[in-house]
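Participant: The following block contains the structure, expressed as structure tokens.
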Amino acid sequence: MTVDDTGSGQGTPPGPDGDPRPAESAYPERDAGDAADDHPPADEKPDEPDLAGGLDGTAGLDGADGADGADKDPLALRLEQLILGADRRYTPFQAARSAGVSMELASRFWRAMGFPDIGQAKALTEADVLALRRLAGLVEAGLLSEAMAVQVARSTGQTTARLAEWQIDSFLEGLTEPPEPGMTRTEVTYPLVELLLPELEEFLVYVWRRQLAAATGRVVQAADDEEMVDRRLAVGFADLVGFTRLTRRMEEEELGELVEAFETTAADLVAAHGGRLIKTLGDEVLYAADDAGTAAEIALRLIETMANDETMPELRVGIAFGTVTTRMGDVFGTTVNLASRLTSIAPRDAVLVDGALAEELVRTGDAPASETEAAALAEKAEKEGEEPPGYRFALQPMWQRPVRGLGIVEPWLLARRG
């Protein structure tokens, strides 16, 4: 992608090998201004044309208009400087050049992290330059491909964006209530952020390292290299029944509290019993587990817990077991689609599982192949003075039925024994 900075729409002509030629005189005014900040050698030229001038959107970062964000609220700028630890200094072009990367790659990283195009606003800091340099360095060293580096930027951006939004909306909003009459929220925010920032930063790094260690352990225990990417997992969806009707009857604040309570309860139960919460979708949660027994236990715990809470709607859960593709913390594939379809046809306060998960529970001794067999084994054990098999779950075959996009499926109703 080569767009000139003059608005003519004519890209830089390619060189003999098909690569864009260095821009020799396309940016005379800008380069003159850049020199004061960057002090480049007299013969230095950018290796790629500046794309920022041709990107969509010219608004400054986070709504700051103008070349250097001068119209932004002074407190917002002070908070930004406190959090980032540096002043705004660079335009996108200057940041890319200081980092030694092409403007095209810098723009890909920036967008992947979830930030808008900022035209030629002087809105970037030394930290932005360092981040570009680090990502590009991993590519140059051969540790990451360029596509993988962009994925790293995207996954990190998406995860931390949600975390930051939650912290501001739920955490800081409550803490910055003025403690005394006459004080404004803005008078409280700055010193509070100043105190919390280092503690939250250290905690974030600690949790990330813990999660990274756990994820690495799971991957290296895979049976073979192929399973490191496409693994056999149990995937479960838990869905609140009648949520759409609730949205029409409840006030927004009540609805928000219900969703938060559901997500919190589900997240705690999934984690406590050895599963992994993949994502929450308001009235639905998606989780995964390495083995069928763990997934089944989580599903029944969710049903039992929600049934004992009068404020919660009824719940239904669908679980499937099979090969799953994992990307950027999410899961994909036929197994995931099947779990979703099973959830949609599950009875209220019940768990439906597919045939593969039922077979796995039987194979591991968590459920009998049939209740007749279980009764026969129990009777035999009693006669011989031995302990009967300790099955945790019961399986009841349901009617086969067509499932859209997946053909004929035979679901099994999962229950707890005893």
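The values are calculated or read from the model by the stated rules, or taken from the named source; none is laboratory data. Source: prediction; values computed, not measured. Note: ideal-geometry Cβ built from the backbone for every residue, glycine included; neighbour counts use all protein chains shown. Surface accessibility is based on the protein's heavy atoms, side chains included, excluding ligands, DNA and RNA. Shrake-Rupley method; radii C 1.70, N 1.55, O 1.52, S 1.80 Å.
Participant: How would Phe109, Phe332 rank on accessible area, largest to smallest, probe 1.4 Å?
Facilitator: Phe332, Phe109
Participant: Sticking with this structure for a sec: Starting at 0 and stepping by 5 Å, how many percent of the alpha carbon pairs of the range 266-307 end up in each bin?
Facilitator: Whole-percent P(r) values from 0 Å outward: 5, 26, 36, 25, 7, 1.
Participant: Let me ask something additional. Looking at the calculated P(r) for the range 234-321, what percent of the C-alpha pair distances fall above 18 Å?
Facilitator: Looking at the range 234-321, the distances longer than 18 Å represent 37 percent of pairs.
Participant: Apply the Karplus parameterisation 6.51 cos²θ - 1.76 cosθ + 1.60, with θ equal to phi minus 60°, to every residue of the range 254-259 and state each ³J(HN,Hα) to the nearest whole Hz, in sequence, with x for glycine and proline.
Facilitator: Result, rounded to whole Hz: 4, 4, x, 5, 5, 4.
Participant: While we're here: Take Leu143, Leu395, Leu281, Leu77 and sort them by solvent-accessible surface of the protein heavy atoms, 1.4 Å probe, largest at the top.
Facilitator: Greatest to least solvent exposure: Leu143, Leu281, Leu77, Leu395.
Participant: Here's a follow-up. Ignoring any ligand, DNA or RNA, what whole percent of the accessible area of the range 79-139 comes from carbon and sulfur when the probe is 1.4 angstrom?
Facilitator: About 57 percent, which is the carbon plus sulfur part of the accessible surface.
Participant: Further, regarding this structure: For the peptides 231-243, 382-394, what is the packing order when you average, over each peptide's residues, the other Cβ atoms within 10 Å and list the highest mean first?
Facilitator: My ranking of the peptides, most packed first, is 231-243, 382-394.
Participant: Work out how much length Met183 to Thr323 would gain on full extension: take 0.36 nm times their residue separation and subtract the Cα-Cα distance, in nm to one decimal.
Facilitator: 44.7 nm
Participant: At 1.4 Å probe size, with no ligands or nucleic acids counted, give the accessible surface of Ser145 in Å², nearest ten.
Facilitator: 70
Participant: Hey, what's the range 235-318 come to in accessible area per residue, 1.4 Å probe, Å²?
Facilitator: 46
Participant: Here's something else I'd like to know. On average over all directions, what projected area in square nanometres does the range 278-332 have, based on the convex hull of its Cα atoms?
Facilitator: If you wrap the Cα atoms of the range 278-332 in a convex hull and average its projections, you get 4.2 nm².
Participant: Using θ = phi - 60° and the Karplus form 6.51 cos²θ - 1.76 cosθ + 1.60, what ³J(HN,Hα) does each residue of the range 291-297 get, whole Hz, x for Gly and Pro?
Facilitator: So the Karplus estimates, Gly and Pro as x, are 9, 5, x, 5, 5, 5, 4 Hz.
Participant: Continuing with the same structure: If a paramagnetic tag sat 7 Å from the Cα of Gln211 along the Cα-Cβ line, which residues of the range 122-165 would have the backbone N under 17 Å from that point?
Facilitator: So the set is 151-165.
Participant: First measure r as the distance between the Cβ atoms of Ala164 and Thr247, then evaluate 1/(1 + (r/R0)^6) with R0 = 25 Å and state the FRET efficiency to the nearest 0.05.
Facilitator: Once the sixth-power term is evaluated, E becomes 0.40.
Participant: Sorted by packing (mean other beta-carbon atoms within 10 Å per residue), highest first, where do 258-268, 370-380 land?
Facilitator: 258-268, 370-380
Participant: Ordering Leu338, Leu357, Leu84 from largest to smallest accessible area (1.4 angstrom probe), what's the sequence?
Facilitator: Leu84, Leu338, Leu357
Participant: Another question about this same structure. Give me the Kirkwood hydrodynamic radius of the range 99-158 in Å, from all C-alpha pairs, to one decimal place?
Facilitator: It is 11.7 Å.
Participant: Sticking with this structure for a sec: At 7 Å along Cα-to-Cβ for each site, give me the label-to-label distance between Ile83 and Leu413 in nm.
Facilitator: It is 5.1 nm.
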